[in-house]
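The values are calculated or read from the model by the stated rules, or taken from the named source; none is laboratory data. Quick caveat, the model's predicted, so the values are computed rather than measured. Here the Cβ is made from the backbone with ideal geometry for all residues, glycine too, and neighbour counts use every protein chain on show. In case anyone asks, the SASA skips ligands and DNA or RNA and just uses the protein heavy atoms, side chains included. Shrake-Rupley method; radii C 1.70, N 1.55, O 1.52, S 1.80 Å.
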Amino acid sequence: MIFFRRQGGDTPPDASDAAGQSGQPAQSDQPDPTGLRARCAAADLPDAVRGALAAEIGRMEKTDAAAPENAIALNYVECLLDLPWNGLTRDSLDLARAAAVFDASHAGLGQVRERVLEHLAARVLCATQPAAVLVVDDEPIARDNVAHVLGREGYAVDTAANGEEALARMVRRRYDCIVTDLKMDRMDGMQLMEAARRVAPDTRIVVVTGYATVDTAVQALKTGAVQYLSKPIDIAELRATVREALADRTQGLSSHAPVLCFTGPPGVGKTSVGRAL
């Protein structure tokens, strides 16, 4: 056993004295001195954004707080944390009202007015198009029956015999919903869902299978399926499931819309036009 004693007293040294004698600075008890990690953990963020924030915060913690790079990184992190990543608002696509609002605040900007109305008209056209649905099943009868039922609902339906054929179609066209079997040759439904999340993460996927078990259902929902139906298919349930999966389709169109870019010197009205829009 080893005892320590100060010169002039029997009181054992505290942590600060031990740090001073060893020549090493005392370690901080705060694992998150800036509080940014706590804010990042509490925020509702996509995984990619959360990873980028964690990396940036790690670099900040290794940088001197007085360095200019630290202030730039802090502004970047706070900007990402303040963005409404999962907050959506429904767009108002009333062209007559949009024209009236623009004329009331920006009379005389005819060229800008027409371009803004063209942009909104394209959004209206996209929103009124029938939803595109892809039916994937290696059984021709089941595939054709599901396609027939969904076609009568007004959807634009394509079919594929397996996951590889489905992915080839997804490269050429964007689909709002995929109705896929689980057990297929060459590429099954699980593999298709994993690949579809990389190609088209906004596409809703409904799994329809004759091999329904609790484990496969849980795995399918974790992989990205919005619903899991068992065969034989209940037609009414299939219709309701696809209709529910496509309920927020108009919001999903926002991520695929073109972006308007206003350019020009200061004071010409770029910000006010954007606010009016």
- Simple spin-label estimate for residue 101/residue 55, 7 Å along Cα→Cβ, in nm, reads 3.8 nm
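Which order, highest average first, do 127-134, 38-45, 258-265 follow once you tally other Cβ atoms within 10 Å for each residue and take the mean per peptide?
Values: 127-134: 16.6, 38-45: 13.8, 258-265: 8.4.
Listed from highest to lowest mean packing, they are 127-134, 38-45, 258-265.
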- Message: I'd like the Karplus ³J(HN,Hα) series for region 69-83: coefficients 6.51, -1.76, 1.60, θ = phi - 60°, whole numbers in Hz, and an x wherever there's a Gly or Pro.
- Response: 4, 5, 5, 5, 5, 5, 4, 5, 5, 5, 5, 5, 5, 7, 5
- Item | Estimated distance in nm for a label pair at residue 169 and residue 259, the labels positioned 7 Å out from Cα along Cα-to-Cβ | 3.2 nm
- region 39-142, accessible surface, carbon-and-sulfur percent (1.4 angstrom probe): 59 percent
- Item | Accessible area of region 42-148 divided out per residue, in Å², using a probe of 1.4 angstrom | 62 Å²
